[in-house]
1. State yes or no: is A199 in a helix (DSSP H, G or I), more than 30 Å from T5 (Cβ to Cβ) and among the hydrophobic types (A, V, I, L, M, F, W, C)?
2. Does any residue of segment 148-167 turn out to be over 22 Å from V12 (Cβ atoms), of a type in the set (A, V, I, L, M, F, W, C) and touching a helix residue (DSSP H, G or I) at 6+ places or on another chain (Cβ under 8 Å)?
3. Of (1) under 25 Å from E57 (Cβ atoms); (2) over 12 Å from the mean Cα position of the chain (by Cα); (3) surrounded by 19 or more Cβ atoms within 10 Å (Cβ to Cβ), I175 satisfies all except one. Which?
4. Return the residue satisfying two criteria in turn: it lies in segment 157-191 and is closer than 26 Å to V98 by Cα, among the aliphatic types (A, V, I, L, M) and assigned to a helix (DSSP H, G or I), and of such residues it is modelled with the lowest pLDDT.
5. Conditions first: (1) among the hydrophobic types (A, V, I, L, M, F, W, C); (2) surrounded by 16 or more Cβ atoms within 10 Å (Cβ to Cβ); (3) not assigned by TED's automatic domain parsing to the domain that holds V116. A206 passes all but one, so which condition is the exception?
6. Applying the selection to segment 163-206, what residues are touching a residue at least 24 places away in the same chain (Cβ under 8 Å) and aliphatic (A, V, I, L, M)?
7. Got a sec? Which of L7, L11 is part of a loop (DSSP other than H, G, I, E, B), crowded, with 22+ Cβ neighbours inside 10 Å and out of contact with any Ser or Thr (no Cβ under 9 Å at 6 or more places or on another chain)?
8. Counting residues that are among the basic types (K, R), which helices (runs of 4 or more DSSP H) fully inside segment 44-117 reach at least 2?
Amino acid sequence: MPDFTDLTTPLVADACVRAGLAPRIAPAGIRPVIAGTRLAGRVLPVRHYGSVDVFLEAFESAEPGDVLVIDNEGRTDEACIGDLTVLEAAAAGVAGLVVWGLHRDTTELVEIARPVFSYGALPLGPLRVDDRDDEDVRFGPHVVTSGDFVVADDDGVVFVAAGRAAEIEGIANSIRETEREQARKIRSGETLRQQTAFADYLVRRAADPQYTFRRHLRRIGGAIEE
């Protein structure tokens, strides 16, 4: 099974671009309750209708390491999860929660230390119980299913289809190694301009205005833009 645990969301997003996939990025603003938290795993999708029973039902089919991904339509008028839901998720073996919406019980969530990502906190819980429907579980513009993996960190959230996950993991690892070596060289005194033969790029671009920097990086094996 692919393992994105040690990969950042920028690496995964860049790997998707390099693989010719449109990156499936959650809307900006989703952040971890505890800064520095990272989370990766198979999506356990659920759509919130105002009651906690949908989460309990999802936990019935959870597998260890799953990530509960909650569609609350990005609402900012209610917090759809709190400490009891997160404790129950931990008891079910769920690795963490990613919420398209808000959370509450922040102090308790910090103490529990199970990864939780959301737009932020609000003290008010749901005052509604809507009828269930058969609509897809969404996160922003993206439909998410149990056939997806999710990666989340301080930079945001990325979804990857399971069928391409191993490929994306491999590309992301390759990009990471290239960037680590580039960073090492900068610290050792070799500038990024030197590493990327930037002067040569400027000469080539002057002769061919269609010669882009990304094309140049691909030619020399660089990785700073994707």
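1. Working: in a helix (DSSP H, G or I): yes; more than 30 Å from T5 (Cβ to Cβ): yes; among the hydrophobic types (A, V, I, L, M, F, W, C): yes.
It is true that A199 is in a helix (DSSP H, G or I), more than 30 Å from T5 (Cβ to Cβ) and among the hydrophobic types (A, V, I, L, M, F, W, C).
2. Kept after step one, since they are over 22 Å from V12 (Cβ atoms), are these residues of segment 148-167: none.
The answer is no, given that none of the residues of segment 148-167 is over 22 Å from V12 (Cβ atoms), of a type in the set (A, V, I, L, M, F, W, C) and touching a helix residue (DSSP H, G or I) at 6+ places or on another chain (Cβ under 8 Å).
3. Failing condition for I175: (1).
4. Just the residues of segment 157-191 that are closer than 26 Å to V98 by Cα, to begin with: 157-173, 175-176.
From what is left, the residues that are among the aliphatic types (A, V, I, L, M) are 157-158, 160-162, 165-166, 168, 171-172, 175.
Pick out the ones that are also assigned to a helix (DSSP H, G or I) and you get 162, 165-166, 168, 171-172, 175.
Details: A162: 95, A165: 96, A166: 96, I168: 97, I171: 96, A172: 96, I175: 91.
Here the residue is I175.
5. (2)
6. Result: A165, A166, I168, I171, A172, I175, L192.
7. Numbers: L11 fails: part of a loop (DSSP other than H, G, I, E, B).
Just one listed residue meets the conditions, L7.
8. Numbers: elements: 53-59, 83-91, 106-112.
Hits in segment 44-117: none.
The values are calculated or read from the model by the stated rules, or taken from the named source; none is laboratory data. Remember, it's a predicted structure, so these values are computed and weren't measured experimentally. In this analysis, Cβ positions are derived from the backbone assuming ideal geometry, glycine residues included, and neighbour counts consider all displayed protein chains.
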